[in-house]
Amino acid sequence: MWTLSGFYDEISPEFEEQCSVVSSLGLKYLEFRSAWDVNILDLYDAQLTKAKDILSAHKLGVSSIGSPIGKILINEDFGPHLERMRHAADAAHYFGAPYIRIFSFFIPAGSDSDSHREVVLSRMAELARVAEEHDVILLHENEKEIWATFHDVASTSWNRSARRTPKWHGTPPISSRWVSARSPRVTPCCAHTWSTCRSRTRCSPPATSSRLAGVTARWSRSES
């Protein structure tokens, strides 16, 4: 049975109010993107502890970490960003989330996206290695002007690149999510990705998105 989850920070910046609304709707999970107008990766330790207490009070779990990983220009310094990926993995463990949302880097205006292919795949492989080391799954999300927008890229492409990294144990750490409310030019890539990886037991389906009362609802984790 599919479990409905989503980003609810569009309801309110106050995390207590987010959780209160989610709980009142009968939902059991949320995708943690931000609280108090701060992305989850930038919250202080005390804020993370407070957020966990609020989640517990409302008997809610976290299905995914709504990170901005991969939302930088491909020619920006990757070192600090990789450290943020490790922090995202730590946050996923702290909240018991099996998934982390990522993107495949913005391409500079006027630049040939093909010329960045090797760098993108190399960076995605580094992200995949962190994911494997922390036993989490990365969900590549469609977004305007990121590298995958310009290419018909399936999860297998990311994972073939990731297999070049050390300590690979065979479980694909990158899947996809599809937000249909975004630009139509983005969707074919993610639709193809889903058709390619749907047989993988740890992959989630492309995330269908709808807007209702400020809530972005996405199908996230499967439970049986």
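The values are calculated or read from the model by the stated rules, or taken from the named source; none is laboratory data. Just so it is clear, the structure is predicted and the values come from calculations on it, not from any experiment. All Cβ positions, even for glycine, are placed from backbone atoms using ideal geometry, and neighbour counts span all protein chains on display.
Can you find a residue in region 57-80 that is over 18 Å from Glu133 (Cβ atoms), touching a Leu at 6+ places or on another chain (Cβ under 9 Å), touching a residue at least 24 places away in the same chain (Cβ under 8 Å) and hydrophobic (A, V, I, L, M, F, W, C)? Scanning region 57-80, I find at least one residue that is over 18 Å from Glu133 (Cβ atoms), touching a Leu at 6+ places or on another chain (Cβ under 9 Å), touching a residue at least 24 places away in the same chain (Cβ under 8 Å) and hydrophobic (A, V, I, L, M, F, W, C), so the answer is yes. Residues in region 40-51 that are surrounded by 15 or more Cβ atoms within 10 Å (Cβ to Cβ) and within 21 Å of Gly70 (Cβ to Cβ): Ile40, Leu41, Leu43.
For region 121-152, taking the residues that are among the acidic types (Asp, Glu) and crowded, with 21+ Cβ neighbours inside 10 Å, the one that is farthest from Ile107 (Cα to Cα) is identified as Glu132. Considering region 69-103, and only residues there that are assigned to a loop (DSSP other than H, G, I, E, B) and closer than 30 Å to Thr49 by Cα, the residue that is nearest to the chain's Cα centre (by Cα) turns out to be Phe103. Could you tell me whether region 85-102 includes any residue that is among the aliphatic types (A, V, I, L, M) and farther than 16 Å from Ile137 by Cβ? Among the residues of region 85-102, not one is among the aliphatic types (A, V, I, L, M) and farther than 16 Å from Ile137 by Cβ, which makes the answer no.
Matching residues to (1) at negative phi; (2) of a type in the set (Lys, Arg); (3) touching a Ser or Thr at 6+ places or on another chain (Cβ under 8 Å); (4) modelled with pLDDT of 95 or more:
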{"site": "Tyr44", "(1), (2), (3), (4)": "yes, no, no, yes"}
{"site": "Lys59", "(1), (2), (3), (4)": "no, yes, yes, yes"}
{"site": "Tyr99", "(1), (2), (3), (4)": "yes, no, yes, no"}
{"site": "Ile102", "(1), (2), (3), (4)": "yes, no, yes, no"}
{"site": "Ala109", "(1), (2), (3), (4)": "yes, no, no, no"}
{"site": "Ser115", "(1), (2), (3), (4)": "yes, no, no, no"}
{"site": "Glu118", "(1), (2), (3), (4)": "yes, no, no, no"}
{"site": "Leu121", "(1), (2), (3), (4)": "yes, no, yes, no"}
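One residue stands out in region 1-32 among those that are polar (S, T, N, Q) and farther than 18 Å from Ala57 by Cβ: the one that is surrounded by the fewest Cβ atoms within 10 Å (Cβ to Cβ), namely Thr3.
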